[in-house]
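Have a look at the structure below before the remarks.
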Amino acid sequence: MITSVRMPKLGETDANAFTIEKWFFKEGDSVRKGQGLLIVATDKTSLEVEARTGGTLRRILFNEGESVT
């Protein structure tokens with residue numbers, strides 16, 4: 001089953017755009033539940049996004065430095 005990486009809510013931050021700062025894995029790498037996948041940044045903060053499930057990172061749709069809404 002394929003699981004999409006979704007951006008978590010940032011509490012009271014009204015961020016609707018993120019910049020991908022760093023991916024910790026590349027396509028094809030195995031990832032365990034709870035491992036950090038990437039770091040994203042808003043105009044106010046940076047956040048490490050963790051894997052909700054374990055598996056293989058099949059495809060990266062947005063590269064480092066790209067803005068995502």
TODO: Give just the number: which of (1) at pLDDT 95 or above; (2) of a type in the set (D, E, K, R); (3) loosely packed, with under 12 Cβ neighbours inside 10 Å does LYS44 not satisfy?
DONE: (1)
TODO: Report the residue count in segment 48-69 for those that are more than 9 Å from the chain's Cα centre (by Cα) and open to solvent by 40 Å² or more (accessible area, probe 1.4 Å).
DONE: 14
Open item on the list: Which pairs turn up if I take residues in segment 49-69 that are free of Cβ contacts under 8 Å to residues at least 40 places away in the same chain and over 11 Å from ILE20 (Cα atoms) and look for partners that are surrounded by 14 or more Cβ atoms within 10 Å (Cβ to Cβ) and of a type in the set (Lys, Arg) with beta carbon separation below 7 Å, at least 6 apart in sequence or on another chain?
Closed with: none
Task: Residues within segment 37-63 that are of a type in the set (Val, Ile, Thr) and in a loop (DSSP other than H, G, I, E, B), tallied - done: 4
Open item on the list: Just to be sure I understand, how many residues within segment 14-38 are in contact with a Lys or Arg (Cβ under 9 Å, 6 or more places away or on another chain), open to solvent by less than 40 Å² (accessible area, probe 1.4 Å) and not small (Gly, Ala, Ser)?
Closed with: 1
Open item on the list: If LEU38 meets every condition in (1) under 13 Å from MET7 (Cα atoms); (2) touching a residue at least 40 places away in the same chain (Cβ under 8 Å); (3) hydrophobic (A, V, I, L, M, F, W, C) apart from one, which number is that one?
Closed with: (2)
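The values are calculated or read from the model by the stated rules, or taken from the named source; none is laboratory data. Keep in mind that what you see is a predicted model, and the values were worked out from it rather than measured. Here Cβ is always computed from backbone atoms with ideal geometry, including for glycine, and neighbour counts include all displayed protein chains. Heavy atoms of the whole protein, side chains included, go into the accessibility calculation; ligands, DNA and RNA do not. Shrake-Rupley method; radii C 1.70, N 1.55, O 1.52, S 1.80 Å.
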